[in-house]
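Since every read-out is calculated from the coordinates, none of them should be taken as a lab result. It should be emphasised that the depicted structure is a prediction, and the values quoted were computed from it without experimental measurement. Positions of Cβ are backbone-derived with ideal geometry, glycine not excepted, and every protein chain shown enters the neighbour counts.
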Amino acid sequence: MTVLITGGGGFIGSHLVDRLLAETEAEILVLDNFSTGDVANLAHVESDRLEVRTGDVRDAEVVAEAVAEADRIYHLAAAVGVQNVVDNPLKSLQVNLHGTENVLEAASEDGTPTFLASSSEIYGKSESLPFSESDDRVVGPTTVTRWGYTTAKATDEFLALSYHDEYDLPVVIGRYFNIVGPRQTGEYGMVIPTFVEQALSGEPLTVYGDGTQTRSFTHVTDAVTVTHQLLETPAAHGEVFNVGAPQPTAINDLADRVLELTGSESEIVHVPFEEAYSEDFEEPDHREPDVSKLESLLGWAPEADLDRILRDVIEAQADAPVDLEAVR
Ligand code: UDP
């Protein structure tokens, strides 16, 4: 069996590569243009069951060729990171729209089971917590760049569900909630690698806004478990699932905890959103998944709490063990 992972050189993709190599006999084909992914994420892999191909999901021919070799597809290649999406709006839309359509169209040729990575961004600025899959989406105007990202992701979901309904494509959609862990870079704005890096280098931790906004951070190993299980569960096909640990944390509390666990004496500074992103920036205040749908299908519960997540990220970034006393 050959498994195609688009975006397999990225943060989540590379953890999925590790897991599938460890737990299955599959040959893994990674397709990645290494724009936000990094060859270093796969440098530790020694298996001859891994093939890494450099290519862009916007190129329909490249996608069709890779898909033709695959028995399973994980479509993780996407524009990631709020900062990245705000800085590169057109490219982000094209990657997320054309890339996904290319993958789904090619997959429908042979009916190849496909996992589509979506995002909690789908819920936009909805305030109806916790978010469940059938909730209304609340998004802002097209003049605010951020909302283009959620709109592209929602269109991806519509496409996937239409390919399922009209072509019987076995496709399942996972809406990732703030997936974090080792190998995630702070370069595209993600808060945990950014705070940890700031703390370890003695720089001020930059909390955007008043820091009361919350996110439900989810360990990448938990996300990878669900991703694999969902694709291998036929009852999940044609469905959408929240993939996240329901443990909302305020960004102020996150900053405090990072300081505690690193033993850093960095200060915490608050930066207005307009300064951090752009003048017209809008920020969803809270994000929390309702995971009852996932629980009832897979019996799944996330294993890693916030401290475990932070400890793993700190260890990876410091390249040295964290003071475990501080974690307790
Ligand atoms: N954030 C922050 N400081 C940073 C980066 C992010 O306070 O240096 C905040 C950001 O405004 C958001 C939360 O942390 O409220 C999570 O941001 P991230 O970009 O990681 O994910 P998002 O949920 O925005 O997609």
Taking the Cβ of residue 241 as the centre, find all other residues whose Cβ is under 11 Å away and add up their charges (Lys, Arg: +1; Asp, Glu: -1).
-2
Quick one: dipole size for the range 1-107, taken about the Cα centre, charges +1 on Lys/Arg Cβ and -1 on Asp/Glu Cβ, in debye to the nearest 20.
360 debye
Pairing the Cα long axis of helix 100-110 with the longest principal axis of the chain, what angle in degrees results, from 0 to 90 and rounded to the nearest 10?
30 degrees
Among 214, 251, 314, whose Cα projects farthest towards the positive end of the dipole of the range 207-316, with charges put on the beta-carbon of Lys, Arg (+1) and Asp, Glu (-1)?
314
The orientation-averaged projected area of the Cα convex hull of the range 1-64, in nm², is 4.1 nm²
So for each of 65-72, 307-314, 14-21, 138-145 I average, over its residues, the number of other beta carbons within 10 Å; can you give me the resulting order with the highest mean first?
14-21, 307-314, 65-72, 138-145
If the viscosity is 0.890 mPa s and the temperature 25 °C, what Stokes-Einstein diffusion coefficient in µm²/s follows for the chain when Rh is the Kirkwood radius over Cα pairs?
122 µm²/s
Cα centroid separation - the range 244-315 against the range 173-196, whole Å
9 Å
Where Rh is the Kirkwood radius over the Cα pairs of the range 40-84, the temperature 37 °C and the viscosity 0.692 mPa s, what D in µm²/s does Stokes-Einstein return?
255 µm²/s
Considering the options 227, 141, 117, tell which one lies farthest towards the positive end of the dipole of the chain, charges being +1 on Lys and Arg and -1 on Asp and Glu at the Cβ, about the Cα centre.
141
What dipole magnitude, in Debye to the nearest 20, does the chain give about its Cα centre under +1 on Lys/Arg Cβ and -1 on Asp/Glu Cβ?
160 debye
Relative to a virtual label point 7 Å from the Cα of residue 275 in the Cα→beta-carbon direction, which members of the range 173-206 show backbone nitrogen distances below 13 Å?
204-206
How many nm is it between the label spots at residue 51 and residue 1, if each spot is 7 Å from the Cα in line with the beta carbon?
1.8 nm
Normalised by the residues of the chain, what does the relative contact order come to in percent, with Cα pairs under 8 Å and at least six apart?
17 percent
Quick one: putting +1 on the C-beta of Lys and Arg, -1 on the C-beta of Asp and Glu, what dipole do you get for the range 146-219 around its Cα centre, in Debye to the nearest 20?
220 debye
Between 0 and 90°, nearest 10: helix 251-262 axis offset from the chain longest Cα axis
80 degrees
Can you tell me the length gained on complete extension of the stretch residue 292 to residue 265, counting 0.36 nm per residue apart and subtracting the Cα distance?
5.7 nm
Residues whose built amide H sits under 5 Å from the amide H of residue 300, excluding neighbours closer than 5 in sequence, are 295
Folded to 0 to 90 degrees: helix 11-23 orientation relative to the chain principal axis, Cα:
60 degrees
For the range 269-313, list residues with backbone N below 18 Å from a point placed 7 Å from the Cα of residue 22 toward its Cβ?
301-305, 308-313
Calculated FRET value between residue 135 and residue 315, using beta carbons and R₀ = 41 Å, to 0.05
0.70
